[in-house]
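See below for the structure under consideration.
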Amino acid sequence: MAVRGALAGPRVLLKRLREVMAEPVSAQERLDKIVVLIAANMVAEVCTVYVLRVDGSLELYATEGLSREAVHLTVLKPGEGLVGLVAAEAEPLNLPDAQTHPAFSYKPETGEEIYHSFLGVPVLRAGNTLGVLVVQNRAYRTYSEEEVEALQTTAMVLAEMIASGELTALAKPGAEPAARRAVNVQGLALAEGIGLGRVVLHEPRVLVKNFIADDVQRELTRLDQSVDTLRASIDVMLEEEGMARAGEHRDVLEAYRMFAHDRGWLHKLREAVMTGLTAEAAVERVQSDTRARMLRQTDPYLRERLHDLDDLANRLLRELVGLNDGQKREEVPENAIIVARNMSPAALLDFDRTRLRGLVLEEGAPTSHVAIVARALGVATVGQIANATGLVDPGDAIIVDGDAGDVHMRPPPDLEAAYAEKVRLRARRQAQYAALRDQPAISKDGERVNLLLNAGLLVDLPNIAETGAEGIGLFRTELQFLVASTLPRTGAQYRHYKAVLDAADGKPVTFRTLDVGGDKVLPYLRTVEEENPALGWRAVRFGLDRPGLLRSQLRALLRAAAGRDLRVMFPMVAAIDEFDRARALIERELTHLRRHGHALPDTIQIGTMIEVPSLLFALDEILERVDFLSVGSNDLIQFLFAADRGNQRVAGRFDPLSPPALRALKLVADAGKRHGKAIALCGEIASRPLEALALLAIGYRTLSLSPAAMGPVKAMVLALDIGAASRLLLPLLAATARRAPIRETLRVFAEQSGVPI
């Protein structure tokens, strides 16, 4: 009973604050009333509110007890004083004698030299510091835990007031509250393009509208019931078929279960409710405090746990407000920029493409599947933006620069105007590329280059006509499997492949058989936990061990290509025997189709991907068996340098234009010439003009690109003397003495030769 009695004050304060928030008064009058209420309720002689400004400083916005003349006059530099310390660390500071603390900073205009005890708490929202709330007394005293809790709870109300933009009218130009400040963040460019629009959160935060409880006991009951339901739902998911065995999905849910059953977490939630908050407001406050602390951690493991806690808190909030994951997504605005921690390709395809302007991810890598789909859709995408979902609110203006990897949140009008002009210039450049559409890619010295497209979805197919591509050099068949909720049957695959061939309208299409496993997990197939999945049970290895799956796909491809030419290649082949076994499955399916009277393809060409370095030392043997080869430079280069392309710490450490990489790629091109077999390259480097220039110089004449790269690469080819490029590059590959980096040498050559890169 003693605890309940001690906490009655905060609940009364919250109710009074709710009344003040509803009054039709100016923002300054509202703030002035709030500090008076807090001071009276906590028996404090001083209550002050500092607001974080766009320049990182803290401005005194309201006070009870200090000199009123100091309001909007006193400004603390970033990190200055005790208030700056609270803002920087996002932690409460409770001192019996503030003036003895080494961070104490005296501001004579405030008149605070007579006050000793100090309690400051950060004003937090989504883990971001918006300001600092302080109470002080003349007496030397340490504030109780209940008082700290009460002030933190009160700070939530201030956070919503600051975040709403209500205080902006009180600020001088250039000194606006940071809550609505422009934020510029550098990330990783994943898909080219410029997107201007409004934020749409992929996993919308539950909007807490009611902060103040009318009946604390009822809120405690709601909280306990929702936590019990949450725990039960996690237990059910862990017991479902497919989760019983160890694996990444189970590990995630086990982490959820551990956090959901953590007594400390539940205790914090209950304490927050006891201060007078509703159950959902309590969840938001506890998670905001936790997020603020963990965002300041440098340990990547702890930062990763923040994602688990965010997910858990969001699940609990949805339970409290009666939302479920099956709810229909609201229609997105005309100029939607999706902001997400990460997304599956299927989730991205759920959005109306005509309304999408960009995508911002907290995670993501250039070769991730969502990035591949984003490029196919022509959606500007930037990844590796830390805390992206916490930095923006739905409806915020945002710019995504998929060329430079920049994201501008709440940009100023002049920056928006500059980017709008950049978009217009880009459109004019695209019009220039479109004029090259029907022009064959023939270099200045008369070399013909075949430019094909990388694709994987039906939405890619119009790009053949739009870009003037000579066909599809890589059709990623796994994307149909990755975006499906269940395993596509043979009939569905047949219809899909037939539609692809119909859309290609006689132009060649090279189908890569199912490349799953590793980082490409099909949720409806049981997976195994592997130490190094990229080097594990994936691609052709998976298909040969699950021949029924591979045979089903081959049968669908053979039927779809009836009366036409079919090109099929196998991924991740590491040994000659693997190719022989895979080719034997095609022969087996041909026998089956003949026996049942099905029409067959006019011609069948069978090839393989060069992705595993072992095949570099078996090129003559493999070329005696195949009709063509295609180099998958993404995997080949990551295996060549033992650098995981999905690991941002090492993915960019090795240059594909370095001598080892180019020598390896040249081995394949040279072997193809010796055997008179077609050699293509379909990795990401073919889509970059400078890298494509190098590929042409070492002997490649067939490149498969992303749709957006077709114009820039063709323009490069038309302006290039390939012979001159070869004469420059080949001696550099043969040289043993250290020289200038090849990339820089080629860049200078291109500039001097007038080759656009």
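Here are a few things to note about the model shown:
- Considering only the range 442-753, percent of DSSP beta bridges that pair antiparallel, nearest 5: 5 percent
- Selection among 608, 348, 566 by position relative to the dipole of the chain gives 566 as farthest towards the positive end (Cβ unit charges, Cα centre).
- Full extension of the chain between residue 592 and residue 576 gives 3.3 nm of extra length, using 0.36 nm per residue less the Cα-Cα distance.
- Relative counts (whole %) of C-alpha pair distances in the range 59-147, using bins that are 5 Å wide: 3, 14, 24, 29, 20, 8, 2, 0
- Whole-Hz ³J(HN,Hα) from phi, Karplus 6.51 cos²θ - 1.76 cosθ + 1.60, for the range 425-433, glycine and proline x: 5, 4, 5, 5, 5, 5, 5, 5, 5
- Size of charge dipole - the chain - debye, nearest 20, with Cβ of Lys, Arg +1 and Asp, Glu -1, no other charges: 2400 debye
- Proxy reagent accessibility, fewest Cβ within 10 Å first, across 223, 425: 425, 223
- For the chain, with +1 on Lys and Arg beta carbons and -1 on Asp and Glu, the positive-most of 456, 370, 290 along the dipole: 456
- Only the Cβ atoms of Lys and Arg (+1) and of Asp and Glu (-1) were treated as charged; on that basis the dipole of the range 442-753 about its Cα centre amounts to roughly 300 debye.
- The distance linking the range 689-737 with the range 36-50 is 70 Å (Cα centroid to Cα centroid, whole angstrom).
- Between the range 606-621 and the range 556-576, the Cα center-to-center distance that results, in Å: 17 Å
- Cα shape, the chain, gyration tensor, a/c 1.5 rule: prolate
- If you sort the three axes of the alpha carbon gyration tensor as a ≥ b ≥ c, you get a/c of 1.5 or more for the range 1-104 and a/b no higher than b/c, which makes it oblate.
- As a ratio to 2.2 N^0.38 Å, the alpha-carbon radius of gyration for the range 658-731 is 1.05.
- D_trans [Stokes-Einstein, Kirkwood Rh over alpha-carbon pairs] for the range 609-757, 37 °C, 0.692 mPa s, µm² s⁻¹: 208 µm²/s
- Cα pair distances in the range 111-224, grouped into 10 Å bins until the bin that holds the longest one, percent each: 10, 26, 31, 21, 9, 2, 0
- Only DSSP H runs of four or more residues enter the estimate; each adds -39500 (n - 2.57), and after division by the residues of the chain the mean residue ellipticity at 222 nm equals -13500 deg cm²/dmol.
- When the square roots of the Cα gyration tensor eigenvalues are ordered a ≥ b ≥ c, the ratio a/c for the range 400-488 is 1.5 or more and a/b does not exceed b/c, which makes its shape oblate.
- Amide H contacts of residue 124 (H built 1.01 Å from N, in plane; Pro and chain starts excluded): 130 sit under 5 Å, all sequence-distant by 5 or more or on other chains.
- Cα-based convex hull volume of the range 380-431 per residue, rounded to whole Å³: 86 Å³
- Taking amide H as placed 1.01 Å from N in the peptide plane, the amide H of residue 604 sits under 5 Å from that of 566, each at least 5 places away or on another chain.
- The charge dipole of the range 2-179, taken about the Cα centre with unit charges on the Cβ atoms of Lys, Arg (+1) and Asp, Glu (-1), comes to about 340 debye, rounded to the nearest 20.
- Gap separating the Cα centres of the range 405-467 and the range 143-179, nearest whole Å: 45 Å
- Sorting 294, 609 by the number of Cβ atoms found within 10 Å of their own Cβ, with the fewest placed first, yields 294, 609.
- With a cut-off of 19 Å on the backbone N, the residues of the range 380-404 near the modelled label site 7 Å out from residue 350 along Cα-Cβ are 389-390, 394-395.
- Counted by neighbouring Cβ atoms within 10 Å, the residues 639, 654 run from fewest to most as 654, 639.
No value in this document is a laboratory result; all are computed from the given coordinates. The structure displayed is predicted, hence computed values, not measured ones. Heads up, the Cβs are rebuilt from the backbone with ideal geometry, glycines too, and the neighbour counts pull from every protein chain shown.
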